[in-house]
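Below is one structure, written out as structure tokens; the observations come after it.
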Amino acid sequence: MHAATALDRLAAIAHDLWRDRMERAGWTRGQRYEPRAKHHDALLPFDQLDARDQERALLGIRALDCFEQLAEAIDYQRGPDREFTLDDMREGLPVVHNDPGGPTPLAPGEPGRIVEWKADAGRLSAICVRWADGSTSEHHPAAGELRRLEDE
């Protein structure tokens, strides 16, 4: 996607959010701006704004410099450190503890195997691991305490 196209789309989204906020505050579309009556001439779709108002919206988005922040907000997890899901679960899946100083008293990298898991509302909620020393521990998938071995 080209930056100009993305900028236009972000400006339109920002304008829609502004419109929603104004309408929730009791403003309505008017032929001209009348604050006492809560009428605003820009309460219409972005593509119907005059060029001056569209440019103001674009300038506002540029001033935020939000492209990098938006790109960094996305994390498509891959590899052995990605969060576990129900689809990943199978008995015997080899894992290691990501935090040797955590609740499992094992040497760093000592493998364990998944022995069971729990789901809540269709999402993985807990993973039970049996470690080489015979102990078991329960882990929350989002905590990132476990890492797969077989993806390496």
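Any read-out appearing in this document is the output of simple, stated calculations on the displayed coordinates, not a laboratory observation. Only a predicted model underlies this, so the values are computations on that prediction, with no experimental measurement involved. Virtual Cβ from ideal backbone geometry, glycine too; neighbours counted across all protein chains shown.
What the table shows:
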{"quantity": "The stretch 1-58, subset under 28 Å from the mean Cα position of the chain (by Cα), of a type outside the set (A, V, I, L, M) and outside any helix (DSSP H, G or I), residue farthest from GLN69 (Cα to Cα)", "calculated": "PRO45"}
{"quantity": "Selection from the stretch 35-87 of residues that are in contact with a Lys or Arg (Cβ under 6 Å, 6 or more places away or on another chain) and under 30 Å from GLY144 (Cβ atoms)", "calculated": "PRO80, ASP81"}
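For (1) touching a helix residue (DSSP H, G or I) at 6+ places or on another chain (Cβ under 6 Å); (2) surrounded by 10 or more Cβ atoms within 10 Å (Cβ to Cβ); (3) closer than 30 Å to ALA142 by Cα, each residue gets a yes or a no:
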{"site": "ASP20", "(1), (2), (3)": "no, yes, no"}
{"site": "ALA37", "(1), (2), (3)": "no, yes, no"}
{"site": "ALA51", "(1), (2), (3)": "no, no, no"}
{"site": "LEU59", "(1), (2), (3)": "no, yes, no"}
{"site": "GLN69", "(1), (2), (3)": "no, no, yes"}
{"site": "ILE74", "(1), (2), (3)": "no, no, yes"}
{"site": "GLN77", "(1), (2), (3)": "no, no, yes"}
